[in-house]
Amino acid sequence: MSIGVEEAYETAGMILFHNFDIRAVTLGVNLKDLIHPEAEKMCAAVEERLTRLGTRLVRQAQAVSGELGVPIINKRISITPAAWLIEPCPSPQAPLLLAQAINRAALAADVDFVGGFGALMHKASTQADRRLLESLPEALSRTQRLCAFANLASTSAGMNMDAVNQVARLLKEMAAASPDALACAKFVAFANAPEDNPFMAGAFHGPGEADACLNVGISGPGVVRAVVDKYPDCDLTMLSEIIRRTVFKITRAGEMVGRKLASLLGVSFGVVDISLAPTTAIGDSVGMILHGMGLERPGAPGTTAALALLIDAVKRGGAFASGNVGGLSGTFIPVSEDTAMIEAVECGALSLEKLEAMTAVCSVGLDMFAVPGDTPAHALAGIIADELAIGMVNNKTTGVRVIPAPGRQPGDCVDFGGLLGKAPVMRVSRFSGSNFVGRGGRMPAPIGALRN
Amino acid sequence: MEKIVVVVVGTDRVGIIARFSGHLFAHNINIEDVQQKVMDGIFVMTLLADISQSSSSPALVRRELEELGREMGLKVMVHSEAVLKAMHRV
């Protein structure tokens with residue numbers, strides 16, 4: 001049956017008026033075969049490979065977008081966790097050399113970001129993991145296109161509180177080392193980090209992956225908002241239904257783009273990540289979806305329930321549309337990148353505590369929020385530990401991307417401009433949990449993890 | 001067989017079909033179906049076209065039709081029919 005004018009117009013309208021796009025095509029690249037004790041040799045090989053593959057990715061993504069008529073916004077690469085690459089390198093400069101080599105490759109290939117400069121240390125850490133982490137203030141402030149991560153907890157291993165404390169201390173150094181703490185916007189601390197996530201800043205190419213594979217992140221908060229706004233009075237069952245139908249459509253488009261691009265690149269197709277990822281473009285906002293669902297502001301009573309309904313409907317539609325749904329596939333609720341979330345913080349509707357509650361039902365975590373620059377490291381460690389505990393206990397991914405903004409207090413904001421947006425500084429509890437996080441050690445895995 | 005769907009959105013005026021079909025003819029692209037309708041007060045026209053006999057790429061055709069749309073004050077999207085079928089057919 002041929003496509004009707006209503007259907008063609010619906011798709012055209014998604015792109016023309018509601019910011020539907022393929023948010024990211026991310027090429028996962030294995031680099032384990034390039035591990036070498038001489039850091040310079042290893043870095044040269046990494047730079048060559050990423051430049052070559054990145055150039056092909058960008059060229060072919062433009063071709064696929066042109067052929068299919070679906071915009072592709074970001075072209076990215078995720079790599080083998082970088083801590084593994086420096087394991088045999090005695091040179092203390094190895095992490096920084098690697099960071100700079102990756103950054104040069106990203107610039108040369110015009111890849112938007114390369115993710116994977118990080119370590120898996122959810123149970124404990126190696127000397128290379130710790131060295132890599134210690135390099136982050138310098139590595140992230142001296143590069144533009146590098147993204148970093150650390151997996152600090154998992155449902156099966158528990159939480160590495162020593163690493164949480166190390167990360168909290170380093171976040172303060174990262175904030176001091178870069179203007180407006182920009183380096184902190186390029187780092188995520190995770191629980192249960194997925195190995196095939198196409199979204200930054202937390203993408204990496206996990207140990208269970210092939211030499212290369214292509215993952216796709218779709219995005220349609222604007223499309224979902226538009227359809228929710230059309231039904232202001234329907235009941236919640238029907239609301240779920242209309243969201244599900246819409247997400248089905250955009251997931252199918254994402255899968256088609258991903259398969260086509262993977263085939264042109266000669267690599268396997270990985271996952272479609274169906275996460276709703278807002279941008280600061282007018283209307284492309286998860287907060288506005290919540291508003292359309294009937295909340296005066298995100299943070300109002302009912303917000304967590306609304307978000308639970310929203311992400312469940314997204315998963316239902318996405319899973320029906322594609323057998324390859326993976327990655328994070330939750331709802332991003334980054335404060336700085338969503339106009340309705342920014343306004344909600346500014347008018348007092350949304351507190352850090354409510355934001356944390358919201359992340360208990362949507363997978364992605366506390367994202368792109370600013371706290372006062374004088375927030376002590378132990379408070380950052382407590383915020384991270386709380387968030388990762390939600391992921392660890394509930395067998396899901398959670399992450400923290402926090403901006404301790406130097407010299408700022410609640411009422412101020414940090415304006416990054418562009419995609420990263422504007423983060424109003426949120427109030428942090430003035431009561432201390434330092435004696436708890438300061439105990440260090442490993443928090444045991446939840447009893448529910450013993451499933452064998 | 002490769003097919004595209006051209007979606008033209010805007011205000012109805014003289015010559016829309018003539019000019020868009022003229023462009024497609026110049027690229028040796030066969031039009032198989034034309035539909036038009038006013039939705040939400042907006043004029044929408046779709047053209048289903050077979051480009052398998054054309055030496056022009058979908059990307060080139062898209063650029064030209066978008067430029068034509070700009071000249072005529074219309075929004076134009078050119079999709080692969082395969083994408084629309086994937087989205088709208090189970």
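Observations, loosely collected:
- Helices (runs of 4 or more DSSP H) fully within the stretch A:1-103 that include at least 1 residues being of a type in the set (Ser, Thr, Tyr) and within 14 Å of chain B (Cβ to nearest Cβ): A:5-17, A:39-68.
- When residues of the stretch A:208-222 are limited to those that are assigned to a strand (DSSP E or B) and small (Gly, Ala, Ser), the one surrounded by the fewest Cβ atoms within 10 Å (Cβ to Cβ): A:Ala212
- Residue pairs meeting the criteria (Cβ under 9 Å; at least 6 apart or on separate chains; first free of Cβ contacts under 8 Å to residues at least 60 places away in the same chain and farther than 12 Å from B:Leu65 by Cα, in the stretch B:16-36; second part of a strand (DSSP E or B) and basic (Lys, Arg)): B:Glu32/B:Lys3
- Selection from the stretch A:231-241 of residues that are assigned to a helix (DSSP H, G or I) and more than 26 Å from the chain's Cα centre (by Cα): A:Leu236, A:Thr237, A:Met238, A:Leu239, A:Glu241
- One residue from A:Phe204, A:Phe190, A:Phe199 being under 22 Å from A:Val402 (Cβ atoms) and either surrounded by fewer than 24 Cβ atoms within 10 Å (Cβ to Cβ) or modelled with pLDDT under 95 (or both): A:Phe199
- Counted residues, the stretch B:40-57 - those being facing another protein chain (nearest Cβ under 10 Å), touching a strand residue (DSSP E or B) at 6+ places or on another chain (Cβ under 8 Å) and either polar (S, T, N, Q) or surrounded by 15 or more Cβ atoms within 10 Å (Cβ to Cβ) (or both): 5
- Against the criterion of being at pLDDT below 95, touching a His at 6+ places or on another chain (Cβ under 9 Å), closer than 19 Å to B:Arg19 by Cα and at the interface with chain A (Cβ under 10 Å from one of its Cβ atoms), B:Leu60 qualifies.
- Annotation note: Cβ proximity below 8 Å between a residue of the stretch A:372-388 that is closer than 16 Å to A:Gly158 by Cα and a residue that is of a type outside the set (A, V, I, L, M, F, W, C) and part of a helix (DSSP H, G or I) (sequence gap 6+ or interchain) occurs for A:Ala381/A:Asn165; A:Gly382/A:Ser434; A:Asp386/A:Glu356; A:Glu387/A:Glu356; A:Glu387/A:Thr359.
- Considering residues of the stretch A:321-352 that are part of a loop (DSSP other than H, G, I, E, B) and of a type in the set (Val, Ile, Thr) only, the residue modelled with the lowest pLDDT: A:Ile333
- If you go through the stretch B:21-39 and pick out every residue that is more than 9 Å from chain A (Cβ to nearest Cβ) and not small (Gly, Ala, Ser), you end up with 10.
- Look at the stretch A:202-231: where a residue is touching a residue at least 60 places away in the same chain (Cβ under 8 Å) and a partner is of a type in the set (Phe, Trp, Tyr) and surrounded by 24 or more Cβ atoms within 10 Å (Cβ to Cβ), sitting 6+ places away or on another chain with Cβ atoms under 7 Å, you get A:Gly202/A:Phe149; A:Gly202/A:Phe190; A:Phe204/A:Phe149; A:Gly217/A:Phe199; A:Gly220/A:Phe20; A:Gly222/A:Phe20; A:Val223/A:Phe20.
- Where A:Thr397 falls short, out of the listed (1) surrounded by fewer than 21 Cβ atoms within 10 Å (Cβ to Cβ); (2) out of contact with any His (no Cβ under 6 Å at 6 or more places or on another chain); (3) polar (S, T, N, Q): (1)
- Screening B:Ala26, B:Ala86, B:Ala82 for residues that are modelled with pLDDT of 90 or more, hydrophobic (A, V, I, L, M, F, W, C) and exposed (fewer than 14 other Cβ atoms within 10 Å of the Cβ) leaves exactly one candidate, B:Ala26.
- Listed by position, the strands (runs of 3 or more DSSP E) enclosed by the stretch A:125-197 that each have at least 1 residues that are farther than 24 Å from A:Pro334 by Cα are A:158-160.
- Filter result for A:Ile22 (under 30 Å from B:Ala86 (Cα atoms), of a type in the set (Val, Ile, Thr) and surrounded by fewer than 24 Cβ atoms within 10 Å (Cβ to Cβ)): no
- Applying the criterion of being outside any loop (DSSP other than H, G, I, E, B) and of a type in the set (S, T, N, Q) to the residues of the stretch A:260-310, the residue that is surrounded by the most Cβ atoms within 10 Å (Cβ to Cβ) is A:Thr303.
The values are calculated or read from the model by the stated rules, or taken from the named source; none is laboratory data. Everything numeric in this text was worked out from a predicted model, so none of it was measured. Glycine also receives a Cβ, built like all others from the backbone with ideal geometry; neighbour counts cover every protein chain displayed.
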